[in-house]
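Worksheet: the structure to be examined is printed underneath.
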Amino acid sequence: MAEYLPVALFDSPVWNSIVYLLGELVIIILVLWVILSFLIGCLIALSIKKKKMYLPKLLRPVLTLMEGTVKLFCMMLGVDSAQLMEFLIGIDNQMNYSAFAKVPVEKRAVFIPLCLRSAKCPARLSPDVGISCISCGKCPLGDAIPVLKDAGYMTFIIPGSTFIKRLVKKYRPQAMIGVGCLMEVKEGLALGRKISMTTIGVVTTTDG
């Protein structure tokens with residue numbers, strides 16, 4: 001008789017009621033997920049159109065959880081992936097600005113991508129500091145970096161995010177500015193959240 005107990009259990013009215021309730025709960029969650037994603041997509045589209053961020057403190061955690069679904073609805077509403085990425089970066093910057101401003105300048109680091117230097121750059125790459133700019137005049141970085149350093153910023157020209165982790169571990173900044181294309185800045189902000197570092201993203205006008 002014992003071998004028939006599992007079958008009897010699964011055929012019981014109680015079990016059937018549990019399965020039915022679970023199915024209803026899943027459907028309700030999915031419907032709410034879709035509705036919330038659509039509403040967030042509408043809010044983003046409106047924010048982009050009006051050039052004003054609405055409820056950024058609500059949007060950031062929701063987007064972290066639901067970015068894929070929200071992105072789909074944003075595309076349906078005429079918001080492309082680049083616009084959405086710019087919006088997400090803007091939210092992070094707005095939420096981080098106050099904390100960033102409280103960090104002393106000498107405790108801030110600026111990370112600049114390797115692609116902004118001249119193709120004929122004579123400076124060499126070092127594992128300790130990245131590219132050591134010699135202000136040769138072949139690109140605008142030779143003018144910008146001395147200004148940043150004179151202001152007190154730790155400034156690094158780097159080839160990728162691996163260098164950021166290494167330099168943060170070595171120099172211990174309390175906040176950082178990441179410069180780069182949309183994807184680089186998005187990844188930099190995500191890295192900042194991961195290592196609990198106050199981060200501001202600056203998007204370059206051109207990629208590469």
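Quick notes on this structure:
- Selection status of VAL103, more than 14 Å from GLY188 (Cα to Cα), among the aliphatic types (A, V, I, L, M) and part of a loop (DSSP other than H, G, I, E, B): yes
- Verdict on ARG117 being basic (Lys, Arg), at pLDDT 90 or above and buried (at least 17 other Cβ atoms within 10 Å of the Cβ): no
- Positions within segment 45-84 being among the small types (Gly, Ala, Ser) and either part of a helix (DSSP H, G or I) or under 18 Å from LEU32 (Cβ atoms) (or both), in sequence order: ALA45, SER47, GLY68, SER81, ALA82
- Pair list, Cβ under 6 Å, 6 or more apart: segment 27-43 residue closer than 20 Å to ARG60 by Cβ, other residue surrounded by 10 or more Cβ atoms within 10 Å (Cβ to Cβ) and aliphatic (A, V, I, L, M): SER37/MET66; SER37/VAL70; ILE40/VAL62; ILE40/VAL70; GLY41/VAL70; GLY41/LEU77
- Matching entry among LYS51, LYS57, LYS107, LYS71 (being in contact (Cβ under 8 Å) with a residue 40 or more places away in the chain and among the basic types (Lys, Arg)): LYS107
- Residues being more than 17 Å from the chain's Cα centre (by Cα) and among the polar types (S, T, N, Q) are represented in segment 43-51 by at least one member.
- Scanning segment 114-128 for residues that are part of a loop (DSSP other than H, G, I, E, B) and either among the small types (Gly, Ala, Ser) or in contact with a Phe, Trp or Tyr (Cβ under 6 Å, 6 or more places away or on another chain) (or both) turns up SER118, ALA119, ALA123.
Residues are listed down the side, and each one gets a yes or a no for (1) of a type in the set (Asp, Glu); (2) closer than 27 Å to MET85 by Cβ:
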{"position": "CYS121", "(1), (2)": "no, no"}
{"position": "ASP143", "(1), (2)": "yes, no"}
{"position": "VAL147", "(1), (2)": "no, no"}
{"position": "ALA151", "(1), (2)": "no, no"}
{"position": "ARG166", "(1), (2)": "no, yes"}
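- Unique residue being modelled with pLDDT of 90 or more, hydrophobic (A, V, I, L, M, F, W, C) and in contact with a strand residue (DSSP E or B) (Cβ under 9 Å, 6 or more places away or on another chain) when the list is ILE157, ILE131: ILE157
- Looking at PHE111, PHE38, just one residue is in a helix (DSSP H, G or I), at pLDDT 90 or above and of a type in the set (A, V, I, L, M, F, W, C), and that residue is PHE38.
The values are calculated or read from the model by the stated rules, or taken from the named source; none is laboratory data. All values reported here derive from a predicted model rather than from experimental measurement. No Cβ is skipped: glycine too gets one built from the backbone with ideal geometry, and neighbour counts run over all protein chains shown.
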